[in-house]
Amino acid sequence: MLFKLSPRLERVAAYVRPGAVPVDVGTDHAYVPIWLLQKGICARAYASDNKPGPLRRAAEDAARSGVGERLTLWLCDGLALCPPEAVDTVILAGMGGETMAHILSEAPWALERRLILQPQSKIPELRRWLAERSQAVLDAELAGDAGRLYLIWLVGPGEMDGAAAVDRPLLEKRDALLRPWLAEGIKRARNSLRGIEQAKLPDEAAIKALRAHLEQLEHARRETLTW
Ligand SMILES: C[S@@+](CC[C@H](N)C(=O)[O-])C[C@H]1O[C@@H](n2cnc3c(N)ncnc32)[C@H](O)[C@@H]1O
């Protein structure tokens, strides 16, 4: 059985270097590690999930795909069972930013690995959390999948502005999906701003922060219009 990845997971997998030993945290179906093993990009891979059901199915799929012996599955929270020396690449995809920050707080060694993140929500919070730990988005791209847009980051040691609303690599690479991504973000930020401005006791600090965020998104959108 040959696996085919969705466009989102294909872009996540593209950040794994040939010969790497990755762990895919919150793996669910383990599509990414199975695919990497089948393609021969990796000789060995690890994956974890905190629910037994997905791992059972992942083990069956890995066996059916002929890679079961090269994929180790762990039932645990985040990286709790992963020996740091076993892996050189850590993948966290399809989870919220707060879950990713929790998993990385419990295993700070992961910040010294090649870190591939595809956060589904709380992206500004995760960006701030990474910046506070001297981590930067070294590369970024957007993937379109089933009518939705997804952000993928390659993270590593470096300085970045944790309050930045847009990742520099997306602008530098003139990512083709940045314009629709910004349009969505601007719409969401405007709605949130309207909501907090109309509250009985408006939170002035939150309003100021959101206005600054919106201004950055609008500035980036103006930049994309010159491309
Ligand atoms: C939406 S799925 C994403 C699956 C896959 N990574 C992807 O991107 O398609 C999220 C998975 O993360 C698992 N998960 C959530 N929190 C976790 C944690 N703290 N540790 C391990 N797995 C977790 C869930 O059980 C679920 O299987």
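Fewest first, what order do HIS29, HIS102, HIS213 take by the number of other Cβ atoms within 10 Å?
Details: HIS29 17, HIS102 14, HIS213 20.
Fewest to most other Cβ atoms nearby, the residues stand as HIS102, HIS29, HIS213.
Anything over 26 Å Cα to Cα? Flag those among LYS122/LYS208; LYS51/LYS187; LYS122/LYS173; LYS173/LYS208; LYS4/LYS122; LYS51/LYS122, in the order listed.
Working: LYS122/LYS208 18 Å; LYS51/LYS187 35 Å; LYS122/LYS173 23 Å; LYS173/LYS208 30 Å; LYS4/LYS122 29 Å; LYS51/LYS122 22 Å.
Going by Cα-Cα distance, LYS51/LYS187; LYS173/LYS208; LYS4/LYS122 fall outside the 26 Å limit.
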Percent antiparallel among DSSP beta bridges (both partners in the chain, rounded to 5): 40
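Report the extension gain between LEU201 and GLU10 in nm, rounded to one decimal, defined as 0.36 nm multiplied by the number of residues separating them, less their alpha carbon distance. Before the final figure, lay out the partial values.
Values: separation 191, 0.36 × 191 = 68.76 nm, distance 4.56 nm.
Full-extension gain reported as 64.2 nm.
As a test of understanding, state the convex hull volume per residue of the chain from its alpha carbons, in Å³. Let's see the in-between values first.
Values: hull volume 30.8 nm³, N = 227.
It is 136 Å³ per residue.
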Average projected area [Cα convex hull, the stretch 1-44], square nanometres: 3.0
Degrees, to the nearest 10: 204-224 long Cα axis against longest axis of the chain: 80
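In deg cm²/dmol and to the nearest 500, what is the mean residue ellipticity at 222 nm of the chain if only DSSP H runs of at least 4 residues count, each as -39500 (n - 2.57), divided by the residue total? Don't skip to the answer; put the middle values down first.
Numbers: 8 runs with 95 residues, N = 227.
Helix-only estimate at 222 nm: -13000 deg cm²/dmol.
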Computed over the chain: relative contact order in percent, which uses C-alpha pairs under 8 Å that are six or more apart: 15
In degrees, nearest ten, helix 123-132 long axis to first principal axis of the chain (Cα): 80
Degrees separating the helix 97-106 axis from the principal Cα axis of the chain, which is the longest one: 60
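The numbers here are math on the coordinates, done by the rules we state, and not lab data. Because the structure is predicted, anything quoted here is derived from the model rather than measured. Because the Cβ atoms are built from the backbone with ideal geometry, glycine has one as well, and the counts that use them run over all protein chains shown.
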